[in-house]
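Student: Sharing a structure below in structure tokens format, with a few things to ask.
The values are calculated or read from the model by the stated rules, or taken from the named source; none is laboratory data. Here the structure is a predicted model, which is why all the values come from computation and not from measurement. A quick note on method: Cβ atoms are made from the backbone with ideal geometry, for glycine too, and the neighbour counts reach across all protein chains shown. All accessible areas refer to the heavy atoms of the entire protein, side chains included, with ligands and DNA or RNA removed. Shrake-Rupley method; radii C 1.70, N 1.55, O 1.52, S 1.80 Å.
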Amino acid sequence: VVVMALLLAPFLTMVPGVVAGITEATFSESWPYPSQGGSAFAAIGNELKRSGPFEYFLVAMLTCSALAAIMSTADSVILGASNALSIDIFQGVLRPGASQEAIVRCGAFASVAMTVAGIALGVNVTSADFGTLLTMQNGIILQAVPAFLLGLFCDVSTQAITAGILCGIVGFVLAWTVGNPLAPLHVPVANVGALANFAVVAVAQGLIRRCEAPQDAYGQSRFGERLCAETIRKSMKGTEEPDRVLLALSGVCVLLTVPFYGALGLPAGLSLGFPTWVGICFLTSISAAVLAFWAAWTWRSAEVSGASEGGCSAPPVPSDLPVRGHVAQEADGVALDAIDVEISGVAEEFGGRAGGQPLSPPG
């Protein structure tokens, strides 16, 4: 259900923004000068406010909703960063025996520092610099992909993952600042760092395959045994995974959403008033979402898979099953008196229901 909701959410959240951008691009030249210099949201808001009190109220509500969404995202980022610094680094690495008060103070200091840095960057960074920040963010986030992706299928060592992350970040920085060696293939610099990460992890894992798994006493005391591929396979036993053919077709459609086909720099053809590549991107995006939605629909947990096979289990044995014998019970180390249980009449009745043969008392 979560995967299906995530597949449906972009079409519900992005379409209003696309419509607002098209509206602003179409009518902005006929609007007053103050509305021409702002963003699509601000320009449409300025024009709606001039229509009447209801439109003014609507613009105010939309503005408050936008600010609330921004605040929600910002405080989630700040809380996540402060938790990582205070719990994972401060308590987990620097001071394992730190008190709760010290951890709270570290988290509060990290939150204040993140807020101040965010305000300073927000004041000085312009929309033209957003692309640079997005490239930097993608280059760093993609370094975590090998750890998660390879960890699902094989037991990758910590040394290999660490070496891959370091080399991936260095490769990303060099491709960004010096030159992208895969630029003729239209590969972004962030993906260059990720490819370097995968390559180094593969080589390092082959060289240190015989190394024993690292022991983390503190982590095991908090979270239990280290999660590995074998543990994942055991926990997923009996689960019917999504159809791989559908996932592969969805991945192909995702690749086709990138307009790498055709000659660069030439005027794009128009279809229904839109560039042709926009229509292709829209259709392939819908196809990728539908195929992924279909694949998620074929995903069945172990309980659902067992129930869908049509098998039935034996009826539960009644708790008051009559037996004849001595039942010894013990509680808190004190042996209770043996209880002699005999309910023969009910035993014969239950035996008849079980197939006509009375149950023999044990022993």
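Student: In cubic angstrom, how much convex hull volume per residue do the alpha carbon atoms of the stretch 56-144 span? The partial results should precede the final answer.
Tutor: On the way: hull volume 11.8 nm³, N = 89.
In the stretch 56-144, the Cα hull volume divided by residue count equals 133 Å³.
Student: If I model a spin label as a point 7 Å beyond the Cα along the Cα-Cβ vector, how far apart are those points for Val15 and Ala74 in nm?
Tutor: Taking the two extended label points, one gets 3.1 nm.
Student: Something else about it: What nm distance separates the two modelled labels at Lys237 and Asn124, each placed 7 Å from Cα along Cα→Cβ?
Tutor: 5.7
Student: Points 7 angstrom from Cα along the Cβ direction at Glu225 and Glu29: gap in nanometres?
Tutor: 7.0
Student: Can you tell me the accessible area per residue over the stretch 8-110, all protein chains present, probe 1.4 angstrom, in square angstrom?
Tutor: Result: 69 Å² of accessible area for each residue.
Student: What per residue convex hull volume, in Å³, comes out for the stretch 13-103 when only alpha-carbon positions are used?
Tutor: 147
Student: Given R₀ = 56 Å, FRET efficiency for Arg105-Ile280 by Cβ-Cβ distance, to 0.05?
Tutor: Rounded to the nearest 0.05, the efficiency is 0.55.
Student: Per-residue HN-Hα couplings for the stretch 110-117, Karplus 6.51 cos²θ - 1.76 cosθ + 1.60 at θ = phi - 60°, whole Hz, x for Gly and Pro?
Tutor: Result, rounded to whole Hz: 5, 5, 5, 5, 5, 5, 4, 5.
Student: Over the stretch 75-149, with every protein chain in place, what whole percent of the accessible area is carbon and sulfur at 1.4 Å, could you tell me?
Tutor: Carbon and sulfur together cover 72 percent of it.
Student: Sticking with this one: What is the mean projected area of the alpha carbon convex hull for the stretch 25-174, to one decimal in square nanometres? Present the calculation step by step, with values, prior to reporting the outcome.
Tutor: Values: hull surface 58.7 nm².
That works out to 14.7 nm², a quarter of the Cα hull's surface.
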